[in-house]
Amino acid sequence: MRQQVARSQRVLENHRIDWYKGEENSIWTPNSNHSTSAARKVADALEKAQREAQGLPADKARARIVETLRQMGEKFADGSISEDD
């Protein structure tokens, strides 16, 4: 799981989001479903958002990452992060 978490941390750091204490990151960090599968889904979603944001101004790219964090938070909240895609 650590590898998946490190992938997410790199994306957040690339967009000046503090992965440990950042307000933006607290959007999605529940105290449930700490699985490798869930961590992989978060990392995949963040990396996809980062690829899609390439070429955008830094503030818009960052906003895309923050929106992805919000979406992942919704998946944790409703339990859909656990569902197979």
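Coordinate-derived values only; no laboratory data. This is a predicted model, so every value here is computed, not measured. For neighbour counting, all protein chains shown are included, and Cβ atoms are generated from backbone atoms with ideal geometry for every residue, glycine included.
Points worth noting:
- Options [x] 1.01; [y] 0.95; [z] 1.18 - which one matches Cα Rg over 2.2 N^0.38 Å as calculated here: [x]
- Extension reserve of the LYS48-ARG70 stretch, reckoned as 0.36 nm per residue once the Cα distance is removed: 6.5 nm
- Order by protection proxy (mean Cβ within 10 Å, highest first), peptides 54-66, 6-18, 37-49: 37-49, 6-18, 54-66
- If the segment from GLU13 to LEU56 were pulled out straight at 0.36 nm per residue, it would be longer than the present Cα-Cα gap by 13.8 nm.
- Cα long-axis angle, helix 2-14 against the chain (0 to 90 degrees, to the nearest 10): 30 degrees
- Basic side chains Lys and Arg get +1 at the Cβ, acidic Asp and Glu get -1 at the Cβ, and with that the dipole of region 2-82 about its Cα centre reaches some 260 debye.
- Degrees separating the helix 36-53 axis from the principal Cα axis of the chain, which is the longest one: 20 degrees
- Dividing the helix sum by the residues of the chain, where each DSSP H run of 4 or more adds -39500 (n - 2.57), gives a mean residue ellipticity at 222 nm of -20500 deg cm²/dmol.
- Listed residues SER35, ALA53, VAL66: farthest to the positive end of the dipole of the chain (Cβ charges): ALA53
- Helix 58-78 axis, angle to the chain major axis (alpha carbon atoms, nearest 10°): 10 degrees
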